[in-house]
Amino acid sequence: PSQVAQAALAALCFAIYHDTLSFEFLALGDYPAIVARDAVRIGLNRETLGAALFQPAPGGWQPLTTISHALAITLFGSNPAAHHAVNVILHAFASVLAFRVFARHSGLQAASFVAAALFAAHPLQTENVAWISGRTATLSALFALLALDRFLSGGSGRKAFWSGLALLLLGMLFNP
């Protein structure tokens, strides 16, 4: 797949969502899921891992999302701009991955670019990117695309099946 197309998709995501870098944590979803949640607020450690696996988050059991937020706290502290930047970067990566998967398995570069651009710019993605706590859907989509790519490119071997299934299950652990 074209590197220019991939760069254009990433630039499209940053052009659409760059304003989110000036947003604060949102009271409706970000505070209960991240700011007020002890398992996330303390950063990534053993206690956080245990809480992520055995204590449901607001909205359901999301162990890998909880770990993702705790890792962001460890790396960036409570700076909402950095947490928003992580969401934008993850969405850009998912958009580029969508293009790569579509192009690799269809052979249609232009159509794959259009489909990935629609994925990147679609208004339904706004909540997933603009709310830090919306990261669940972005990470789930990312792992679903990785699983799809693995299933489509792995042939009929056991390794391809099991690795694709593992990626799909990991994606489900992000989003209940």
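The values are calculated or read from the model by the stated rules, or taken from the named source; none is laboratory data. Computed from a predicted model, the values in this text were never measured in an experiment. We place every Cβ from the backbone using ideal geometry, glycine too, and count neighbours over all the protein chains shown. Side chains are part of the model used for accessible areas, which takes the heavy atoms of the whole protein and leaves out ligands, DNA and RNA. Shrake-Rupley method; radii C 1.70, N 1.55, O 1.52, S 1.80 Å.
Assorted remarks:
- One residue from Phe102, Phe151 being farther than 25 Å from Ile34 by Cβ and at pLDDT 90 or above: Phe102
- Any hit, the range 33-50, residues being touching a residue at least 40 places away in the same chain (Cβ under 8 Å), open to solvent by 50 Å² or more (accessible area, probe 1.4 Å) and either aliphatic (A, V, I, L, M) or under 19 Å from Trp131 (Cα atoms) (or both): no
- For the range 154-170, the tally of residues that are farther than 18 Å from Leu139 by Cα and in a helix (DSSP H, G or I) stands at 5.
- Among the residues making up the range 51-80, those that are at pLDDT 90 or above and assigned to a helix (DSSP H, G or I) are Ile67, Ser68, His69, Ala70, Leu71, Ala72, Ile73, Thr74, Leu75, Phe76, Pro80.
- Within the range 167-176, restricting attention to residues that are surrounded by 14 or more Cβ atoms within 10 Å (Cβ to Cβ) and at pLDDT 85 or above, the residue that is nearest to Asp30 (Cα to Cα) is Leu170.
- For the range 16-26, the set of residues classified as more than 21 Å from Leu75 (Cα to Cα) and open to solvent by less than 80 Å² (accessible area, probe 1.4 Å) consists of Ile16, Tyr17, listed by residue number.
- On inspection, Gly157 fails the criterion of being open to solvent by less than 40 Å² (accessible area, probe 1.4 Å), at pLDDT below 90 and touching a helix residue (DSSP H, G or I) at 6+ places or on another chain (Cβ under 6 Å).
- Qualifying residue in the range 6-17 (condition: more than 25 Å from Phe102 (Cβ to Cβ) and β-branched (Val, Ile, Thr)): no
- Residue match in the range 29-42 (condition: in a helix (DSSP H, G or I) and touching a Leu at 6+ places or on another chain (Cβ under 8 Å)): no
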